Structure formats: C-alpha cells, structure tokens
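The values are calculated or read from the model by the stated rules, or taken from the named source; none is laboratory data. Nothing here was measured: the structure is a model prediction, and the numbers come from that model. Don't worry about glycine lacking a Cβ; one is built from the backbone with ideal geometry, like all the others, and counts go over all protein chains shown. Each accessible area value is taken on the protein alone, full model and side chains, heavy atoms only, with ligands, DNA and RNA left out. Shrake-Rupley method; radii C 1.70, N 1.55, O 1.52, S 1.80 Å.
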Amino acid sequence: MMIPLASLPARVSVREVGPRDGLQNEDLVLSTAQKITLINALNATGLALIEVGSFVHPRHVPQMADTAEVFAQIERRPQVVYSAIAPNLKGAERAIAARADSVQVFLSTSESHNQSNVNMSIAQSLTAAADIASTLARAKIEFEAVLSVVFGCPFEGDVPFERVAEIAERLVAMGAAQITLGDTTGMAHPRLVQQVVLGLRERFPQVPLRLHPHSARGAGLANVLAALEVGIERIDASIGGIGGCPFAPGAPGNICTEDVVHMLHEMGIATGLHLPRLVECAQLVEQLLGHEVPGQVIKGGICGHIADGNPRHWPPSSVSVGA
Ligand code: ZN
C-alpha cells in the first residue's frame, strides 16, 4: 500500500542562535575568548547564519556586554552571515559599528512581555523599529524582525493572531527582509504553529517567515515538523539546546541544533551542516559551561547510516508500508 506523505521542503536553513539566545540564558557568563572559541568552532560546521550576540543595555543582559569585542575578534568566513539583535537605535548603531552583516529588531506581541523585555510599549518599540530600519537602510545592512511570544505569553496567556499580524504588517511595511516567529517560552503547539504561519502567509506571501522554537514544554521538534508541513524552510536552533527559560526553571531553551539537524537528515532533508562537527561543538559547549547540555544526540549518538553527517536518501513523496 502506498501512503502519500505530506510534502516537505528539500532543504532547511538553520540559524545558530546559541551564542546569543543560548548563552544569555545561562547563569555562567563566558569570557570573550571562550565565546570566540565557540563561534570559530561553529564556523567549521557549514552554518550560513550565526547569531553572534545582542546590543542591548549590559544592565539588562550582562552576558552580552562584550558583543562588540566578540564581533571584532571572531574569524569571519565570507559565506557566513553574522547577525546581532538590537532593541533600539543605539543598539543598531553599535551593531553597524561592529560590522554585523544583519540586524534583528525584536519586539514582543504582548504589551507586558515587551515592557519586561525592553522596557517599552509595543507602540514605542514600533517607532524605534522605524528609526532602526532607516538607519540600517542607509548603512546597507539587512533589517529583520523577530517577534517574541507569538504563540503565547507567560504574563497574558493567549496572544490574539490579529495583533501578531498587525505588528508583522507594520514591520513588513518598514522593509523587514524576514519575520521570525518566536515561541519565546515554549508555549506553541503544532496546530497553532500551522494556523499562525498560514494566516501570516495569506497577509504577505512575499516575506519569508522563520520559526524560532523553544523546547520549554517539550513540543519544539513537533513544532518544527508542523512548520515544515506548511512551507516553513527557515528555523532557529541552539547548539546543545543551551539556554533555558527564565519563566520555567530547569527547562531547556531553544531547540537543539544537532538534534533537529539529525531529525531532518534522517528525513532526507538537507541542511548543509556537518552533523559530527555539530556534536563536537555541543561537547565544547559542555566543557565551556561546565555542565551537561539538554541535547539528546550528544548522549544517544548519531545513527549509523548518517555517521558521515549527510542526509539519508528518502523516496521523495511516498513510502511502502506492509506487504
Ligand atoms: Zn528565543
């Protein structure tokens, strides 16, 4: 019997966010030299996108205080886009000075989370985003938008889709090259992911969407699969699954890079990433942080048939089941 499978993309772009989202949620603050060691090791895994850090006020996020120094000292590979997050114009100017290749503006889709995160109302953040967008345009640097708590807010619960769409629309009008949908505290589930993605695609089909899943409640990889089924080809992940969630102590943070790459390669979906080297990077992270990482492949090992790190060959659209 032939059972048709949902159509999935042949290739997925993975952005590594461990040096920013991962490390900023770790108790231990790595030294500048340790961060550089990690990013230089990530350079050798085939990643095309690495989020280096963020230009927020060091009082808010002391783990990111040395982002400019990290940018200055990492080995830059021409094929890799090294990005940074900036919540305001000052941050964007610092990102430009540090020669970030791409800058992400982030704002929350819930008023209380935006206040606690960047100390501004959503309206103030949108005004700041417009200033940042024009400053980046002058500097010829790509402007991207990251929306937080799209699938649920730890303070307000459900986030109305209309609000998400309205904020996204404003950012698209400012020239955002991509909209990242952040499941900041791991409240998404597969049906909600599909609903939001399809709803936004209807509003602006021309703007690429990226999923930024967190695993705080264990649904991270399921959400990735759900997103792929509705055409998402861009995801964020963190090496070793480092990070965490300030609202769920002990919970893992972002989905784990080597785990999601392992799953994708098993499914025959290419990422361009070298899986064994990613696992080595996760081992390096364990050494640097001095504790185990939440990732699973580092413990279970890479399945034998993809030990070279390449995707498994799959029949493209169907699989035979039974006799
Ligand atoms: Zn995140």
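Have a look at 164, 172, 159 and point out the one that is assigned to a loop (DSSP other than H, G, I, E, B), at negative phi and among the β-branched types (Val, Ile, Thr). Spell out how you get there, then give the answer.
Working: 164 fails: assigned to a loop (DSSP other than H, G, I, E, B); 172 fails: assigned to a loop (DSSP other than H, G, I, E, B).
Only one candidate passes the filter, namely 159.
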As an exercise: evaluate residue 136 against (1) under 20 Å from the mean Cα position of the chain (by Cα); (2) open to solvent by less than 10 Å² (accessible area, probe 1.4 Å); (3) not small (Gly, Ala, Ser) and give the number of the one condition it does not meet. (1)
Could you list all residues from the range 78-118 that are farther than 20 Å from residue 135 by Cα, polar (S, T, N, Q) and either open to solvent by less than 30 Å² (accessible area, probe 1.4 Å) or touching a residue at least 40 places away in the same chain (Cβ under 8 Å) (or both)? 108, 109, 110, 112, 114
So which of 64, 1 ends up being under 24 Å from residue 283 (Cα atoms), at pLDDT below 95 and either crowded, with 16+ Cβ neighbours inside 10 Å or more than 16 Å from the ligand (Cβ to nearest atom) (or both)? 64
Would you point out which residue out of 23, 8 is away from the ligand (no atom under 16 Å from the Cβ), touching a residue at least 40 places away in the same chain (Cβ under 8 Å) and surrounded by 13 or more Cβ atoms within 10 Å (Cβ to Cβ)? 8
Report the residue count in the range 50-66 for those that are free of Cβ contacts under 8 Å to residues at least 40 places away in the same chain and assigned to a helix (DSSP H, G or I). 1
Consider residue 30 carefully, then state whether it is at pLDDT 95 or above and over 18 Å from residue 274 (Cβ atoms). yes
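For the range 32-49, give me each residue that is outside any helix (DSSP H, G or I) and surrounded by fewer than 24 Cβ atoms within 10 Å (Cβ to Cβ).
Within the range 32-49, 44, 46, 48, 49 meet the criteria.
Per-residue answers, yes or no, for (1) modelled with pLDDT under 95; (2) within 14 Å of the ligand (Cβ to nearest atom); (3) open to solvent by less than 50 Å² (accessible area, probe 1.4 Å):
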| position | (1), (2), (3) |
| --- | --- |
| 198 | no, no, no |
| 213 | no, yes, yes |
| 221 | no, no, no |
| 230 | no, no, yes |
| 233 | no, no, no |
Looking at residue 255, is it modelled with pLDDT of 95 or more and either open to solvent by less than 10 Å² (accessible area, probe 1.4 Å) or touching a Gly at 6+ places or on another chain (Cβ under 6 Å) (or both)? yes
